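Just below is one structure, and these are the notes that go with it.
The values are calculated or read from the model by the stated rules, or taken from the named source; none is laboratory data. No experiment lies behind these values; they were computed from the predicted model shown. Cβ sites come from the backbone with ideal geometry, for glycine too, and all protein chains shown count toward neighbours. With ligands, DNA and RNA removed, areas are computed over all heavy atoms of the protein, side chains included. Shrake-Rupley method; radii C 1.70, N 1.55, O 1.52, S 1.80 Å.
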Amino acid sequence: MNFRHILVALGDDPPAAARVHLAARLAIAHGAHLTGIAPTGHLVIADNSASAAFAIDAAGHALADALQRADDHARRFRHTALAEGVVSVDAEAAEGDAATVLLHHAVCSDLVVVSPPEPSSTAWRSGIHFVEHVLARNPKPTLVVPGEGRFEHAGRRILLAWDDSPAAVRAATDALPALRLAEQVMLCAWRRTSEGPDNGVGLRLAEVAGWLQRHGVHTETRISRTRSAIGDALLSDALALGVDLIVMGTYGHARWVERLTGGVTHTALRHTPVPLLMSH
């Protein structure tokens, strides 16, 4: 198993350069084909036309402009990817909502690369909704790349977050191609200080480490006690350990519970300092 086809979302959002750069580096490392998809997005037509004919004409011009911008993104992406050293690359402008277009192509890829918006962005709400929509519906793993930084070494030192949930199992399985190439993998679990004995958490991590070893992945195990929310503890440990990639499951609980409790996924998406490799 390997990443043989990587799909990256194109656009003019500030994180786009970091996202494309990391996608290109991963394509080179895994010998993968790299595809860039540039969606037009939703077209908004001002409702101030004097006639239906005028509105139709305005919509046609808006679509033509959006397709031209998407074509420009695709052309620049091809040039950038080839300059980075990617051997096999293509790009496509596609009409439609960004999440819908990306998920349509995701079925025939091994990894989908997206970014959350910058916290100060005026498009924050719509941007984070796009990422959450992709994560919730993507049948393949999703790499979420923050906007700040170039992440030259992402994947050398990996934190693999474990909570024994089906999502964690899926994330670890999906991430095997990246885990095999890593120089160091830290298999981590967290327990609140208010909880009692570990109830076999250490033994369970040893079992998981043994399974990973049989797949060619050597790990170091770590159990952390925390008074903080688990999401905050995860990101704090990631910084302290100096990792450059976090692998984790997403939406292990119903999404309304995640929203209510400020869940791990919610925290990671908004505050991660490094890329997240996530599976639903």
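Annotations
- The range 122-280 - charge dipole about Cα centre, Lys and Arg +1 at Cβ, Asp and Glu -1, debye rounded to 20: 240
- Under the convention that each Lys and Arg Cβ holds +1 and each Asp and Glu Cβ holds -1, the size of the dipole of the chain around its Cα centre is about 800 debye.
- Put TRP211, TRP190 in order of accessible area, highest first, and with a 1.4 Å probe you get TRP211, TRP190.
- Sorted from longest to shortest, the spans of the Cα atoms of the range 50-172 along the three principal axes equal 60, 35, 33 Å.
- Of the DSSP H helices in the chain, those whose Cα atoms cover at least 18 Å axially and whose Kyte score averages -1.0 or more: 16-30, 52-84, 124-137, 201-214
- When the solvent-accessible area of the range 111-194 is split by element, carbon and sulfur atoms take up 51 percent of it, the probe being 1.4 Å.
- Rolled with a 1.4 Å probe across the full set of protein chains, the surface gives ASP12 an accessible area near 130 Å².
- Debye equation applied to the C-alpha atoms of the chain, log10 I(q)/I(0) at 0.09, 0.10, 0.11, 0.14 Å⁻¹: -0.45, -0.54, -0.64, -0.98
- Residue ranking by accessible heavy-atom surface, 1.4 Å probe, largest first, among CYS108, CYS188 comes out as CYS108, CYS188.
- Averaging the sequence gap over all C-alpha pairs within less than 8 Å and six or more residues apart, then dividing by the number of residues, gives the range 134-256 a relative contact order of 38 percent.
- Using C-alpha pairs under 8 Å with a sequence gap of at least 6, the mean separation divided by the residue count of the chain gives a relative contact order of 20 percent.
- Sequence of ARG4, ARG170 when ordered by accessible area, the most exposed leading, probe 1.4 angstrom: ARG4, ARG170
- Dipole of the chain [Lys/Arg +1, Asp/Glu -1 at C-beta], most positive-end residue of VAL243, THR193, PRO117: THR193
- Cβ charges +1 (Lys, Arg) and -1 (Asp, Glu), total dipole of the range 61-101, debye: 160
- Accessible area of the chain divided out per residue, in Å², using a probe of 1.4 angstrom: 49
- Dipole of the chain computed with +1 at Lys/Arg Cβ and -1 at Asp/Glu Cβ about the Cα centre; of LEU276, LEU82, THR219, farthest Cα towards the positive end is THR219.
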